[in-house]
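A short worksheet on the structure shown next.
The values are calculated or read from the model by the stated rules, or taken from the named source; none is laboratory data. Owing to the predicted nature of the structure, the values given are computational and were not obtained by experimental measurement. Cβ placement follows ideal geometry from the backbone for every residue including glycine, while neighbour counts extend to all protein chains displayed.
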Amino acid sequence: MFREREINVSRVNPGFAQLRPRAKTTKTRAKTMDEPPPPAGGALAPPAQRQAAVLAQRRAGVLAASDAHVCCVSGGTLRLLSTAPPHAEECALEPALLTCASFNAAGTRLLAAGGEKQVALWRLDAFSPSSALAAPLAPALRWTASKKVGCVAFSPDGAMALWADMFGEVHGVVLGDCENDTAPALILGHLSPVSHIAFSANGGAILTSDREGHVRSSHWPHAFVIECYYLSHMTPLQLLLPLRHAPLLLTVASDGAEVCYWRAHSGVLLGTMSAARLLGNVEAEAGMTSGGGGGCSSEGVDGTALGTSGGTCIMSGCEVVGSGLIALAFAGRWAVHLCAIECDCDAAHAKLVPRPELTVALAAQPIILAHSRGSGLLCALLAWGAVVLMPAAADGTVGFDAARTRTIALLAGGAADEPGFGAEPEDQDDDD
């Protein structure tokens, strides 16, 4: 029997989508539209309460990316946008109040769900900007979950849609020609709400994490066979990232204070690196001054803290597939920072190596990052829109071309229309 617990967790959807639920602490959300421009290098020195407001934005954001589309929230509505110029909005999606979404690997289907216990699937293979409708685009399929849904995902081959609810159960539906006749089936379960669903690089394992910070690796497609556990965290995770270019798993706890890297399929913890030290290394190698920017806490070679001002935390991250890089967003930093992973072929040793020369400064704080493997685009959700970073020229150069940054503006009005931060209805039945 699975035991229900009342909890409000921070949820992340892996792969193309990294998503957060609506915050419940207050009825009025903090805005960042009036923040001053950042100093050179993308650094910003907000107080601790501003960092807390940015983290609240992260929990409210929704972002998913495919080769042709970006899915994000604007004014409380889930919208489908085109990644090709002029980045016109193609359509709004219904139902509203969706808090997590994911594209399949081919980008032909979009799965989304939210606190209304509704799971919806859209078929996009026959959709084009010319077919955009003024009315919200209705999903092709709907399912009703027994509890609120925290995260969604597709199986590696796209043949199954999966979602996890607040009861700790992961359900799946086989997709095919007779999708309407397929009922959801229980795939696996945890003893507390599941916050992440991800798949290993080879597609042979499904990774799930719960409110207690426990990460379970199960054989796929026979998820009842448990391969191992990754046990180190004691709080919910905000990042669960299995890597494709190395046999590693990266995790970040809800406080965003450090990154843990594990040997895949074994549950062996290889090492950790604090966010403050990682950001401090980035700035030191770039010739920046870490003492006055971003409220960061730098560490010396012996791990001793050199100074703190509000703390440093990782907000979001994703793998830049094909280049061996990890993209990270830090609270209070108006930039995307890139790091490389040094790893043995057998993953006996591994470490994060900052690449400060690849840092891309943005016009606002990135809230969520998502990478499209097919097109190589890196998408960043901001408070007022989304930014699409184009990959560097195909001459062996890694990273992204800051001169070819594309902006997708979502706000037509004031700060009240910020994506994910509009007025909310009363949160009824919140503990289900």
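Please specify each residue of segment 160-175 satisfying the condition of being at negative phi, touching a Ser or Thr at 6+ places or on another chain (Cβ under 8 Å) and assigned to a loop (DSSP other than H, G, I, E, B).
F167, L175
Taking L352 and the conditions (1) closer than 19 Å to A276 by Cα; (2) part of a loop (DSSP other than H, G, I, E, B), which numbered condition does it fall short on, given that it satisfies the others?
All conditions pass for L352, except number (2).
Conditions: (1) of a type outside the set (G, A, S); (2) assigned by TED's automatic domain parsing to the domain that holds M160; (3) surrounded by fewer than 23 Cβ atoms within 10 Å (Cβ to Cβ). L248 meets all but one. Number of the miss?
Failing condition for L248: (2).
Output the residue which, of all residues in segment 206-245 that are assigned to a loop (DSSP other than H, G, I, E, B) and of a type in the set (S, T, Y), is surrounded by the most Cβ atoms within 10 Å (Cβ to Cβ).
Pass one, segment 206-245, residues assigned to a loop (DSSP other than H, G, I, E, B): 211-214, 220-225, 231-236, 243-245.
Still in the running and of a type in the set (S, T, Y): 232, 235.
Details: S232: 15, T235: 13.
This residue is S232.
Would you pick out the residues in segment 349-382 that are within 20 Å of Y261 (Cα to Cα) and among the β-branched types (V, I, T)?
Result: V353, single match.
State the number of residues belonging to segment 325-354 that are buried (at least 18 other Cβ atoms within 10 Å of the Cβ) and within 28 Å of L269 (Cα to Cα).
Looking only at that region, the number is 18.
Can G203 be described as under 18 Å from A112 (Cα atoms) and not in a strand (DSSP E or B)?
On the way: under 18 Å from A112 (Cα atoms): no; not in a strand (DSSP E or B): yes.
No.
Filter segment 362-387 down to the residues that are part of a strand (DSSP E or B) and under 14 Å from A327 (Cβ atoms) and list them by number. Reasoning before the result, please.
Step one: filter segment 362-387 for residues part of a strand (DSSP E or B), giving 368-371, 378-381, 385-387.
Correct list: I368, L369, A370, H371, L378, C379, A380, L381, V387.
Hey, does segment 388-403 have a residue that's surrounded by fewer than 15 Cβ atoms within 10 Å (Cβ to Cβ), assigned to a strand (DSSP E or B) and at pLDDT 70 or above? Working first, answer last.
As a first pass, look at segment 388-403 and keep what is surrounded by fewer than 15 Cβ atoms within 10 Å (Cβ to Cβ): 393-397, 401, 403.
If we keep only those that are assigned to a strand (DSSP E or B) too, we end up with 401, 403.
Within this subset, residues satisfying the condition of being at pLDDT 70 or above are 401, 403.
Yes: segment 388-403 contains one or more residues that are surrounded by fewer than 15 Cβ atoms within 10 Å (Cβ to Cβ), assigned to a strand (DSSP E or B) and at pLDDT 70 or above.
Residue under question is D157, and the condition is that it be assigned to a loop (DSSP other than H, G, I, E, B), acidic (D, E), at pLDDT 90 or above and assigned by TED's automatic domain parsing to the domain that holds K117; does it hold?
Working: assigned to a loop (DSSP other than H, G, I, E, B): yes; acidic (D, E): yes; at pLDDT 90 or above: yes; assigned by TED's automatic domain parsing to the domain that holds K117: yes.
Answer is yes for this residue.
Does D346 meet the test of being part of a strand (DSSP E or B) and touching a strand residue (DSSP E or B) at 6+ places or on another chain (Cβ under 9 Å)?
Working: part of a strand (DSSP E or B): no; touching a strand residue (DSSP E or B) at 6+ places or on another chain (Cβ under 9 Å): yes.
Spelling it out, it is not the case that D346 is part of a strand (DSSP E or B) and touching a strand residue (DSSP E or B) at 6+ places or on another chain (Cβ under 9 Å).
What number of residues in segment 308-361 are among the aliphatic types (A, V, I, L, M) and on the phi > 0 side of the Ramachandran plot? Talk me through it step by step, then tell me what you get.
From segment 308-361, those among the aliphatic types (A, V, I, L, M) are 314-315, 320-321, 325-329, 331, 335-336, 338, 340-341, 347-348, 350, 352-353, 358, 360-361; that's our starting set.
Remaining after also requiring on the phi > 0 side of the Ramachandran plot: 347.
So the count comes out to 1.
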